[in-house]
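Below is one structure, written out as structure tokens; the observations come after it.
The values are calculated or read from the model by the stated rules, or taken from the named source; none is laboratory data. Computed from a prediction, not measured in an experiment: that's the story for all the values here. Counting neighbours? That spans all protein chains shown, and the Cβs are built from the backbone with ideal geometry, glycine included. These area figures cover heavy atoms from the full protein model, side chains too; ligands, DNA and RNA do not enter into them. Shrake-Rupley method; radii C 1.70, N 1.55, O 1.52, S 1.80 Å.
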Amino acid sequence: MDKAYIAQLQKLLKADQVSTSASVLAQHARGESYDHSVMPDVVIFPESTEDVQKVMAFAFEHGIAVTPVAVNSSLEGHTVPLHGGISLDVTRMNQVISFRPEDLLIICQPAMTYPQINEHAKRSGLFFPIDPGAHASIGGMISTNASGTMAVRYGVTADYVMGLEIVTPTGEIIQIGTKARKSSSGYNLTKLYCGAEGTLGVITEVTLKLVGLPEALMAARVPFKSISEASQFVISLIQAGVMVARCELVDANSIRAVNKHYQRSYPEEVTIFLEFQGNPLGIEREAETARELAEAMGAVQFEASRDPKARLELWEARHNLYYASVAAEAGKRNMTTDMAVPISKLAEVIETSISLCENQGFKAYAAGHVGDGNFHLLVFFEDGEEPKLDSLNHDLISLALKAGGTSTGEHGVGLRKLKYMAAEHGPALEVMRQIKLALDPKNIMNPGKKIPAKVV
């Protein structure tokens, strides 16, 4: 489309809300971990729901593509403006609208990050328990239905979204959900928008459920000789009803990289990292049960502590594995991807995934939220190896689907996993297309993401 429309947009908003600066456009041409870049025509910085409404009504009238973005930490190309158009940067919409501790909820704008939410809520003994890392924005977390390290106990982002304010692709403002803790009224539209990746509308306000801060914390670290033993230990924990808040697996390659980069001497074995939350007596009992189960699975070491400094040290390798692996593969680029499978298949799929990487000449580092069957691979590659990397990615996703899993447990579809939606969803994909068409009849909302176009 002729970019003359930008002059008309400038009349709708303040001067500093509309940018065509080359550097600003470049910042909005891509996200993290996905190299494909497309320049938007213009970047808009709305400051209110009304601003978003003006932009969306204008975009719908003129058929202009709109790509919503906040802190831009997405990993699968969700924020690449494939069709140019408008990059709608909501980072100025980062305020708490209402905090209601008596109702265990907070109402905020979409660019607030989860650490900012927790900083605000902690004064009342509450917190938002979803922790995907990277200081992700709430709007982005909803858009990919993010989870993170505490999903094994607390679930995923969608479990805490009580209500949303949405500006639709046509420019209408709608309120969905409720401030009540449960509802059976109408269709559950909040769940529809959780994981929609900005393809159905723009989130402008969020009502989040909060939970109580735990009285005490305990961390633990348990090395195992194999991924199979480590995974079986996790299964036994869950079957025994041990209430772990975090349950992470890190492979031996990653531990080796941490040792080298940080001059540590951790056992270079597959390691399970645990966190227990609750009252002091309760977490001591949970940890003791975990110790007994670990020893039964062949673990020769089980370190645990409630001391804050010691807890950080116990989890150091998990927190720093990304930086250590990047240092170990200096000069190479990397792809971060995720999959999720039934827990019983986890060990087999992780081991096979690592073998696939090695057999195709790639160095890979694995980490996972193994309590819910979700794991991540950080794969390093050289310039020119992109076609081979695409082939590897295909093999990895095919492996996960064959095991009864999904192509993505929390990173989302974006661009990289778009072509696997038909294999994963079958005829249900057409139902998704019908929903998209009904809500976005001109296909202007983040087009080319989440749902592949129908091949005629």
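Does anyone have the angle between helix 346-359 and the longest principal axis of the chain? Alpha-carbon axes, 0 to 90°, nearest 10? It works out to around 80 degrees. Among 86-94, 23-31, sorting by the average number of other beta carbon atoms lying within 10 angstrom of each residue, highest first, gives 86-94, 23-31.
Peptides 443-450, 379-386, 206-213, 364-371 ordered by packing proxy, namely the average of other Cβ atoms within 10 Å per residue, highest first: 364-371, 443-450, 206-213, 379-386. Estimated at 0.36 nm per residue, the fully extended path between residue 6 and residue 285 surpasses their Cα-Cα distance by 94.2 nm. When the pairs 14/436; 122/209; 3/419 are compared against a 25 Å limit on Cα-Cα distance, 14/436; 3/419 fall above it. Compared with the dominant principal axis of the Cα atoms in the chain, helix 386-402 is inclined by about 70°. The aspartates and glutamates within cross-link reach of residue 182, meaning a Cα-to-Cα straight distance under 20 Å and a gap of 8 or more places when in the same chain, are 102, 103, 159, 165, 205. Within segment 151-265, all pairs of alpha-carbon atoms sorted by distance into 5 Å bins from zero give the percentages 2, 8, 14, 14, 11, 10, 12, 11, 9, 6, 3, 0. Once the Cα atoms are used to define both axes, helix 227-239 deviates from the longest principal axis of the chain by about 80 degrees. Roughly speaking, to the nearest percent, how much of segment 45-138's 1.4 Å accessible area is carbon and sulfur? Carbon plus sulfur share of accessible area: 48 percent. When the charge dipole of segment 406-456 is built from unit charges on Cβ atoms (+1 for Lys and Arg, -1 for Asp and Glu) and taken about the Cα centre, the candidate among 427, 443, 407 whose Cα reaches farthest toward its positive end is 443.
What value, in deg cm²/dmol to 500, does the helix sum -39500 (n - 2.57) over DSSP H runs of n ≥ 4 give at 222 nm once divided by the residues of the chain? Dividing the helical sum by the residues of the chain leaves -10000 deg cm²/dmol.
The length gained by stretching the chain between residue 29 and residue 170 to full extension, at 0.36 nm per residue less their Cα-Cα distance, is 48.3 nm. With all protein chains kept in place, the per residue accessible area of segment 288-342 amounts to 52 square angstrom at a probe of 1.4 angstrom.
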